[in-house]
Structure formats: C-alpha cells, structure tokens
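Here the structure comes first, spelled out in structure tokens, and everything after it is commentary.
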Amino acid sequence: MSINSAMLAGVSGLVANSSALAAISDNIANVNTVGYKRNQINFANIVTGQSVRGRYSAGGVQGQPYQYVSQQGLLQTSSSNTDIAIAGDGFFVVTEKAQGLTAADTRVFTRAGAFHVDAEGFLQNTAGFYLQGWPVDEFGNVNANPSDLTSLQSINVKNIGAAVVPTTQVQITANLNADTPVSTPAPAYDSAANSMSAYDPVAGTGVKPDFTAQLGVVDSQGATRTLSISFLKLASPANTWQAEIYGDPSEITSGAGLAPGQIRAGTVAFNQDGSIDLAGSTLFGGSTTPSINIGASDDPGPSAAGAGLAEWDAALGIGASTIELSLDSAAGGLSQLSSASTVKTVTSNGAGVGQVTGVQIDEDGFVSAVFDNGEIRRLAQIAVATFLNPDGLTAASGNAYRPSIYSGDFSLKKANEGGAGAVASSALEASTVDLSSEFTGLITTQRAYSASSRIIMTADQMMEELLNIKR
C-alpha cells in the first residue's frame, strides 16, 4: 500500500538524517583534533519494484558514511620540535606498545603527529601510540624494507648513552721565523737520546726547541690530550727545521728509536716562498697528507709499541688515534716567513663527552639527538606508509586507521621519496573540518529530519481517514 510505503520512507529519512547529524556532531567535536579527517553521510535513494502501473511505492533513502582520509589538512606551526606532520601523501606507522613488539602486535596508521618524549624516552602521541621508524646503524645507514613492519622499531631519543667524537683532523695556521738564528754552538741533538721532547730547563736535560705549538685532541673516551710539535732551526740544509711530535710520557708509550712520549721525529722543509715542502720533509715520511698515528692501548708494558711507533699508555684503556694534519691549506697552514714565530689558529674536530639536550627531525624523517657538546647523532628514520586508496581505510580509535580490502596494502617508504610526503617538524596537520559548512549542514539536516517526521504524521492522518470510512 502506498501509504505504508510513504510512512516507511519517512522512517528511512529519520534514520538517514540521524546518521547525518551524528557525523556532523563528530566533525564539530573534532574541529581541533590534530590530523582529523571529516566524515560525511552521502544519501542514496532506494527504489522498490513498481508492480502495478499507475501506482507508486516509496522506497525511501539510505545514508552511506564516507570519510575524506586523503584530504590534506592545513599545516600549522608548533612550538615543540617533536610535533611533526606529513606534507603530502602517507601516514605515520604507530603501535600501542613501545617495546617487545612481535609480528602479532597491531600496527596502525595515523597523521596525528603531536608526539612527545615519554618517561622512557620514546616518541608517543596524544592518543598513546608510539612512533615507528628504521634504526640508523653505526655507519649512518638505514635498512628500509618497504613491506616488513617488523623491521621498524619504536623511536627512542634518550637511552642512547653519551656522545664522543674523537679528533681526526687538525688544521694549524702558524709561522716559523725565517730569521731565527741557528743555535751556537750546535746542541748535541739526538731524536732519541737528547731530544726536544725531553727538554727540562731546570734539570738542563734535552734540547731547547726554537718554537713549540700545542694541539688539543679528543681521545676515544672523550678526554682531551695535549700533543706538542717542536721545531729546531738547522744550519744545513737551508730552510729546514728539526721537528718532533710528542705528548706526556705518562700517556704515550714510545717504541725503540723514540724518546719517552715521542710520537714522530724528523725534519720539516720549506720552499723558497715560505710554503711548506711536505715531499721534502721527513717528519711524515715524505707524505703529502701528513698525519699523527697513535696506537690503541691494547697491551701493557713499554714493549707494546713497535720500533719507531707510539701508542696510548695501557692504563688509559683508549682506542687508537689517527689525526690528519692540515699544514699546507689555502687558509695559511705552516709557513716560514721573516716575521715572528707564532701560532695563529689551531682548529680541530672532535668533541668530548656530551649528553642529550634536544631532538630534531628533518624533512627526510631523520630523528636526531642533539648533544650539549655540539654533536648531532642520527637515531632513526621515520617510515611513511602509503596506500593506493587511503579513503578506503577503516577508522580506529585514537584518530588512526587500519588497512582494508578497499584501501589496498601498505607500502613503507622514506619520507620525500617514491610519492611519500615530506616530514615537517614543529608543525601539526589541522583538522579538515570547516565549521561554517558543518553548521549549515546542521540546519539542512534538522529541516530534513522535520520534513521526514511530517511525512509520518501525514501518512498517519491519511491512514486514520481510511479507518474512519467504516464508521
């Protein structure tokens, strides 16, 4: 009967508009939820079979929920450097627990990037999910597997120990006075038995150098050690100086042929224009890339270092040091000119023991720890998951999503590569809800609901008239 179908159509209108009101309410409630994607109820008519010509049977309406997951929200700046957003396609991979993850543990996907460092050092967002990424190995490499979620780990920025960067390069800008007189009478110099490294003005031992430069270097454990380079002007050949590199004898074990604390001994020659002649110098064996090599303190005793070699004293328990010296750089280097002998600058890399003071995240998704000694260490790279149809994802609590047959399977990518968006740090993706549209939708939904209820009332009145015919 057409009246019954009209009444049922009105009921379907009430149900559909109730769903629409629920979706609008959710949208308005989440207008300030980071990374929230607006929902919408799309209406479709229901057509019933028209078996009798000239009569119409109302089918009504049905509402189909739809969430615009692929819609990009505006990126808004944040004061926290652990707040992140994705500029482009993709989702963060997150888990419900930080440690002890197995293949059976649930991984979900989100664009809600309001992360903070929890008490254990893990990056956790406001919904309680932990951010996943590929760990960076000791060589700075990342093993990024595009399909294996178990290769990801919860990113921790605290439990990483202290940072130490041993010195590997030293640049010296200094001048040796070309007018330095040769000591007379010539000292009984011997690099092993009567050396500059053994000079003691009080005891009168050793040979007094004409000039000494000191270098501060950082060892493998973060301690600063002082090394010295001493020079003694020679009468012949011209433009040549006797030179020694040495350290504290209590820290350096020297092998046969070297004085206590001595690392190297030889000559340094200069060209006629005052620039250093590395090929003609014996201090570094004629190498044009001079370096200081101090072996690791592997074995105790003075016999540990071989002939002509030096190593750190065994009591220090530190690793080997290989320090490249920049003596002929365009910035100055080591020169011999007719001006006072002086050290202008000594610049070295390396950093002593440092503790974590902050976290920084770059657009490629690398999470780095910042130490108070100026060192920056990469810890992990955030994985970005992409889907063929992100609008087909299934919503989960905590503003997260799970894959479905409609979304297709995920593909893990590095940020800014292969269609994945870039990671924006100190930024958050705003909700895609437009309040003006939602309030307009409230009005139209209320009107449609009222109209549907009027259908039921009218159909009821018509049914009542039909029943009154018998009276």
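How much space per residue, in cubic angstrom, does the convex hull of the C-alpha atoms of the stretch 160-242 take up? Show your work: numbers first, answer last.
Details: hull volume 11.1 nm³, N = 83.
Residue-normalised Cα hull volume stands at 134 Å³.
Report K413's accessible area, 1.4 Å probe, all protein chains in place, as a number in Å² to the nearest 10.
Spelled out: K413, probe radius 1.4 Å, area about 50 Å².
In the stretch 235-360, what is the volume of the convex hull around the alpha carbon atoms, normalised per residue and reported in Å³?
Values: hull volume 20.6 nm³, N = 126.
In the stretch 235-360, the Cα hull volume divided by residue count equals 164 Å³.
Rounded to the nearest 20 debye, what is the charge dipole size of the chain about its Cα centre when +1 sits on each Lys and Arg Cβ and -1 on each Asp and Glu Cβ? Spell out each step's value before the answer.
On the way: 22 positive and 40 negative charges, 513 e Å.
I would put it at about 2460 debye.
Per residue of the stretch 192-198, in order, report the coupling 6.51 cos²θ - 1.76 cosθ + 1.60 (Karplus, θ = phi - 60°) as ³J(HN,Hα) in whole Hz, putting x for Gly and Pro.
The phi angles translate into 9, 8, 9, 9, 5, 5, 9 Hz.
Can you give the percent of C-alpha pairs in the stretch 393-457 whose distance is more than 21 Å? Mind showing how you got there, number by number?
Numbers: 1258 of 2080 pairs.
I get 60 percent for the Cα pairs in the stretch 393-457 exceeding 21 Å.
Taking 0.36 nm per residue of sequence separation and subtracting the Cα-Cα distance, how much length would be gained by fully extending the chain between T48 and E363, in nm to one decimal?
Details: separation 315, 0.36 × 315 = 113.40 nm, distance 5.48 nm.
Result: 107.9 nm gained on full extension.
Leaving out ligands and nucleic acids, and using a 1.4 Å probe, what accessible area per residue does the chain come to in Å²? Mind dumping the intermediate values first?
On the way: 23350 Å² over 471 residues.
I get 50 Å² per residue for the chain.
Apply the Karplus parameterisation 6.51 cos²θ - 1.76 cosθ + 1.60, with θ equal to phi minus 60°, to every residue of the stretch 242-247 and state each ³J(HN,Hα) to the nearest whole Hz, in sequence, with x for glycine and proline.
Result, rounded to whole Hz: 6, 9, 9, 10, 8, x.
What's the long-distance tail for the stretch 1-152, i.e. % of Cα pairs beyond 26 Å?
Working: 5802 of 11476 pairs.
The answer is 51 percent, as a whole percent.
Would you mind telling me the share, in percent, of accessible area of the stretch 12-111 contributed by carbon and sulfur at probe 1.4 angstrom? Walk me through the numbers on the way to the answer.
Working: 2680 of 5340 Å².
Its accessible area is 50 percent carbon and sulfur atoms.
What Rg and what Dmax come out for the stretch 194-277 when only alpha-carbon atoms are used, in angstroms?
Rg, Dmax (Cα atoms, Å): 14.1, 43.
Under the Kirkwood approximation applied to all pairs of distinct alpha-carbon atoms, what is the hydrodynamic radius of the chain in Å?
Details: mean 1/r = 0.0344 Å⁻¹.
Across the chain, the inverse of the average 1/r is 29.1 Å.
Using just the Cα positions, wrap the stretch 45-128 in a convex hull and report its mean projected area in square nanometres, one decimal place. Numbers along the way, then the final one.
Numbers: hull surface 42.9 nm².
Projected area, direction-averaged: 10.7 nm².
Give me the angle, in degrees from 0 to 90, between the Cα long axis of helix 2-29 and the longest principal axis of the Cα atoms of the chain, rounded to the nearest 10.
20
Between 0 and 90 degrees, rounded to the nearest ten: what's the tilt of helix 435-468 against the longest Cα principal axis of the chain?
The answer is roughly 20 degrees.
Whole-Hz Karplus ³J(HN,Hα) for the stretch 173-188, in order, using 6.51 cos²θ - 1.76 cosθ + 1.60 and θ = phi - 60°, x for Gly and Pro?
So the J values, rounded to whole Hz, are 10, 8, 10, 9, 5, 5, 8, 4, x, 6, 4, 10, x, 4, x, 6.
Treating the Cα atoms of the stretch 85-175 as identical point scatterers in vacuum, please give the log10 of the normalised Debye intensity I(q)/I(0) at q = 0.11, 0.12, 0.25 Å⁻¹, two decimals.
Debye output, listed in q order: -0.42, -0.48, -1.42.
Counting each pair of different Cα atoms once, what's the Kirkwood radius of the stretch 110-269 in Å, rounded to one decimal?
Details: mean 1/r = 0.0485 Å⁻¹.
Hydrodynamic radius (Kirkwood, Cα only) of the stretch 110-269 equals 20.6 Å.
Compute the Kirkwood hydrodynamic radius of the stretch 318-384, taking the inverse of the mean of 1/r over all pairs of distinct Cα atoms, and give it in Å to one decimal.
Computed over the stretch 318-384, the radius equals 15.9 Å.
Give the long-range amide H neighbours of T394: residues separated by 5 or more places, or on another chain, with amide H under 5 Å away, using H modelled in the peptide plane at 1.01 Å from N.
R402, S404
The values are calculated or read from the model by the stated rules, or taken from the named source; none is laboratory data. All values reported here derive from a predicted model rather than from experimental measurement. We place every Cβ from the backbone using ideal geometry, glycine too, and count neighbours over all the protein chains shown. Ligands, DNA and RNA are excluded from the accessible area calculation, which covers all protein heavy atoms including side chains. Shrake-Rupley method; radii C 1.70, N 1.55, O 1.52, S 1.80 Å.
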